[in-house]
Amino acid sequence: MSAIFHRSLAKTLPTVVSGRGNILFDADGKEYLDACGGAAVSCLGHDHPKIRKALKEHIDGVAFAHTSFFTNEPAETLAQFLVDRAPEGTGDGRVMFLGSGSEAMEAALKLARQYHLERGDVARTKIIARAPSYHGNTLGALATGGHAGRRAPFQPLLMEVSHIDAAYGYRMQKEGENEKDFALRMANLLDEEIRRLGPETVMAFVAEPVVGASLGTQPSPEGYYKRIREICDEHGVLYIADEVMCGMGRTGSLFALEQEGIAADITTLAKGLGAGYQPIAAVMAAEKVVKAVQDGSGLLWNGHTYMSHAIATAGSLAVQQVIEEDNLLENVRARGEQLRGALYATFGQHPQVGDIRGRGLFWTIELVADKATKAPFPAERKLAQTIQSKALDLGLMCYPAQGCADGTNGDHVLLAPAYTASEAEISRIVTLLASAVDAALEA
């Protein structure tokens, strides 16, 4: 019996004891090739010597000093590192460091509200996000997310948030509609919703540049975010980019939004920021947001005990330095292209794989009961979770999810290998996944 309140009380989990590269080992000596980073977290594998060294060195100095009294060197250096590499248009931004992506989203929403209050724009309280989407597990973040299944048990507790459709090409793009027209049509849903609510009441629009867990590594159609930026600017609405899952190199550029040619007003970061070596997340505010606070109260109306934790930021700084110094984004792009090709070669004609989508080392296969009609498998079959189980039997870790079709139905399996993944590992991932899919469909 375990005293831990595990995610599932109906099964016994293996005990992980060590990691070597992109392989994890349990107490029985079984090996698991980590093809998903847990949840797109372990982007440098599980035993990088430079990260371990940085953590060990800093723990001999100071572990914790409350940020109402002190700052610390690794937090200062990491913040400047991120601001210096932020998408063009961010300007002289600033960064706050927190403990999780959910915390970061809560802090981002509060900062957006503070921005408008500092400017005397007190009526702006409304948030618009997309469905399906997932922005975190705390109540504010969960309310912002548009994943029906995750929201349902807590619906009576959630604040009101408006949702527009995400740009989900597989199910939303009309027959004969080109990518440019599709992008414009989907982006203009934001303009319509802002006008419906009243532009003077809308605080922020929240969206992932590449949708993660809820939709399975869905990139936006070309031109979508440029139009989103225009709409937000026209109505004085802040754009909050949720890069918790897709950022920090996962899609082939340090910030996912770089590839869209725009900058966000507020950006949330986590997962690949610290690669799992310590819990860490961040909120980066663009110069215009910082200036509003600076010219107003001069105070950040958001405080957490473990903000800018010295050991967490030291580890995260080492992670980001390794990614840059070892030119790992080039490997993300090269191995990502290999992964794309292998998935299409293996699953492109598979009768139960309806779509293959992604960017960089962030890819998904969506399973369907009928390829012609795109009808999903019923949720109660739990196909994605069965694929995960069969993959674990084979020694492969992948990330299953449900709800992409309508919030409840729709199975997809997400892959997010480490930036250090080799050609051989990418080939093995796809081979093992194919075996897991076939085994799950036969079960």
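See the values below:
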| read-out | value |
| --- | --- |
| Failed criterion for ALA86 (all others in (1) of a type in the set (A, V, I, L, M); (2) open to solvent by 10 Å² or more (accessible area, probe 1.4 Å); (3) under 17 Å from PHE255 (Cβ atoms); (4) part of a helix (DSSP H, G or I) hold) | (4) |
| Single residue of LEU78, LEU24, LEU13, LEU55 found to be closer than 25 Å to GLN321 by Cβ, touching a His at 6+ places or on another chain (Cβ under 7 Å) and of a type in the set (A, V, I, L, M) | LEU24 |
| Qualifying positions in segment 158-211 - touching a strand residue (DSSP E or B) at 6+ places or on another chain (Cβ under 6 Å) and among the charged types (D, E, K, R) | GLU193, GLU208 |
| Residues that are of a type in the set (A, V, I, L, M), more than 16 Å from ALA263 (Cα to Cα) and open to solvent by 10 Å² or more (accessible area, probe 1.4 Å), drawn from segment 214-250 | MET245 |
| Of the criteria (1) of a type outside the set (D, E, K, R); (2) open to solvent by 20 Å² or more (accessible area, probe 1.4 Å); (3) part of a strand (DSSP E or B), which one GLN278 fails | (3) |
| Filter pass, VAL368 being assigned by the TED database to the domain that holds ALA424, open to solvent by less than 20 Å² (accessible area, probe 1.4 Å), of a type in the set (Val, Ile, Thr) and under 24 Å from GLU88 (Cα atoms) | no |
| Sole exception among (1) closer than 22 Å to ALA167 by Cβ; (2) open to solvent by 10 Å² or more (accessible area, probe 1.4 Å); (3) among the small types (Gly, Ala, Ser); (4) not in a loop (DSSP other than H, G, I, E, B) for SER253, by number | (4) |
| Of all residues in segment 42-72 being part of a helix (DSSP H, G or I) and β-branched (Val, Ile, Thr), the one that is surrounded by the most Cβ atoms within 10 Å (Cβ to Cβ) | ILE51 |
| Single condition ALA39 does not satisfy, out of (1) under 28 Å from LEU414 (Cβ atoms); (2) crowded, with 21+ Cβ neighbours inside 10 Å; (3) in contact with a Gly (Cβ under 9 Å, 6 or more places away or on another chain) | (2) |
| Residue match in segment 16-38 (condition: on the phi > 0 side of the Ramachandran plot and in a helix (DSSP H, G or I)) | yes |
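The values are calculated or read from the model by the stated rules, or taken from the named source; none is laboratory data. The structure presented is a predicted model; accordingly, all values stated were derived computationally and were not measured. No Cβ is skipped: glycine too gets one built from the backbone with ideal geometry, and neighbour counts run over all protein chains shown. Just so you know, the surface numbers come from the protein's heavy atoms only, side chains and all, with ligands and any DNA or RNA stripped out. Shrake-Rupley method; radii C 1.70, N 1.55, O 1.52, S 1.80 Å.
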